[in-house]
1. Around K391, with a cut-off of 14 angstrom between Cβ atoms, what is the net charge of the other residues, counting Lys and Arg +1 and Asp and Glu -1?
2. For E243 and I285 in the same chain, what is the full-extension length gain: residue separation times 0.36 nm, less their Cα-Cα distance, in nm?
3. Could you pull out every residue, at least 5 positions away or on a different chain, whose amide H is within less than 5 Å of the one on S341? Hs are placed 1.01 Å off N in the peptide plane, and Pro or chain starts have none.
4. Given contacts defined as C-alpha pairs under 8 Å and at least six residues apart, what's the relative contact order of the chain, whole-number percent?
5. Sorted from largest down, what three extents in whole angstroms do the Cα atoms of segment 82-390 have along their principal axes?
6. Taking Cα centroids, how far is segment 185-254 from segment 255-291 in Å?
7. Given H placed on each backbone N at 1.01 Å, which residues far from S416 in sequence or on other chains put an amide H within less than 5 Å of it?
8. Just reorder S159, S373 by solvent-accessible area, largest first, 1.4 Å probe, all chains present.
Amino acid sequence: MKACCFLFSSLLLITLTACQKPKTSDITAIMGARLIDGNGGAPIENAVVLIENGRISATGPANDIKLPKNTIIIQAEGKTMIPGLINTHAHVGYRDEVNPEHYSTQQIQNQLELYARFGITTVASLGEDREQARAFQAINDTVKAIGRARLYIAGEIVSGNTVESVQEIVNRNAKNKTDFIKIRVDNNRGRSNAMPSEIYDAIIEQSHKHNLMLMAHIYDLEIARDLLESGADFLAHSIRDKEVDQELIELLKTKNVCYCPTLTRDLSTYVYGETPDFFSDPFFIENANTLEVVMLKDPDRQTNVRNGEDYEANQEALKMALVNLKKIADGGATIAMGTDSGMPTRFQGYFEHLELQLMAKAGMSPMAIIVASTKDAANCLKLTNVGVLEKGKLADFVLLEANPLDDIVNTKKIASVWIGGKKVER
Ligand SMILES: [Zn+2]
């Protein structure tokens, strides 16, 4: 096209016009679906969602929305529309035990496309992110046809023995424009020393100087409480050592900190002691890494998992996580969906849907789960362009064949996924 226009640029305007692409409409209307907009209110039946240049320009009942001229109509009667799901705790570039040394731009691209095919349209990678991940952040807030999940990163996980050394890592991350800072404060069930408070206090302070949220890996109630008092901004795992108390729930609320359960992370610590049921789910099989599945079906490997020192303790940890999720959600603190998928044996895309099912098992309602995976997830990451389907937001959404409010398992019945108003190839 450019060459054509260049060649004829000295000719008449009419020639130039002939070189230009015929103008197609940038306005699309999704017609007739049940709309769950992410805000938690009653769904709108027979809705219209109008998309202009990759952003939502109007939503409402069909009778209330006037369609502009040249609108492209997408018929969606019988379908349910939800915002694209947001995973607030993932990792990219790593998963694949078969091939451990393969972190690359291509690998990240493939994994973000994988997430997108499963309806996960935004992913926060909480740590171990290398230079190759940075290029993906640049177009996060654009409406380009990216065909993959949007990516936010935490960069290098911060650890060290001195205040100076940890401040330096925070500064380096900030210079590299990471979106968050990630730390781990965990004593591995009493087997090691957790990061001392003077170190994480320094990391939190330095992160806040750079206006970066501090995301904390935790396991224990006491550590979680101390971190909240010190100003941590996000709990990136469940509390699994004991039942949470009211004080913890109040701290989460008054400090406005989100709680990310990552239940499937705990499932993955023991579920491969045998062949899990989900290995026969067509929704899993479609996109699973066959080599990894073969490895996980190996009877010797399964025996090793069952004989592992923490095999029973890991099952207890997930049970405790389910109890605590219900208490914290009922107590009114904000839950953000996250899985820790992307590390070996944690299947990106599929695990997010499994996570939603575990959240239901904990006792959350389908609507509460959807809000935790859309609006609240976006707010918890301080993302202002995604999370709900309303005017001005990026048109990232999923059309489902069945209503997830009837059963959260229906999030697996994906008809199509759209990112920035463009349909993702599946
Ligand atoms: Zn993680």
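The values are calculated or read from the model by the stated rules, or taken from the named source; none is laboratory data. Please read these numbers as outputs of a predicted model, since none were measured by experiment. Counting neighbours? That spans all protein chains shown, and the Cβs are built from the backbone with ideal geometry, glycine included. Please note that ligands, DNA and RNA were not included when accessible areas were found on the heavy atoms of the full protein model with its side chains. Shrake-Rupley method; radii C 1.70, N 1.55, O 1.52, S 1.80 Å.
1. Working: positive: R55, K393; negative: D37, E52, D64, E390.
Charge balance in the 14 Å sphere: -2.
2. Numbers: separation 42, 0.36 × 42 = 15.12 nm, distance 3.59 nm.
Computed gain between E243 and I285 is 11.5 nm.
3. For S341, whose amide H was placed from the backbone, the distant partners under 5 Å are H91.
4. Across the chain, relative contact order equals 21 percent.
5. Rounded to whole Å, the extents work out to 47, 45, 40 Å.
6. One Cα centre to the other: 25 Å.
7. L399
8. S159, S373
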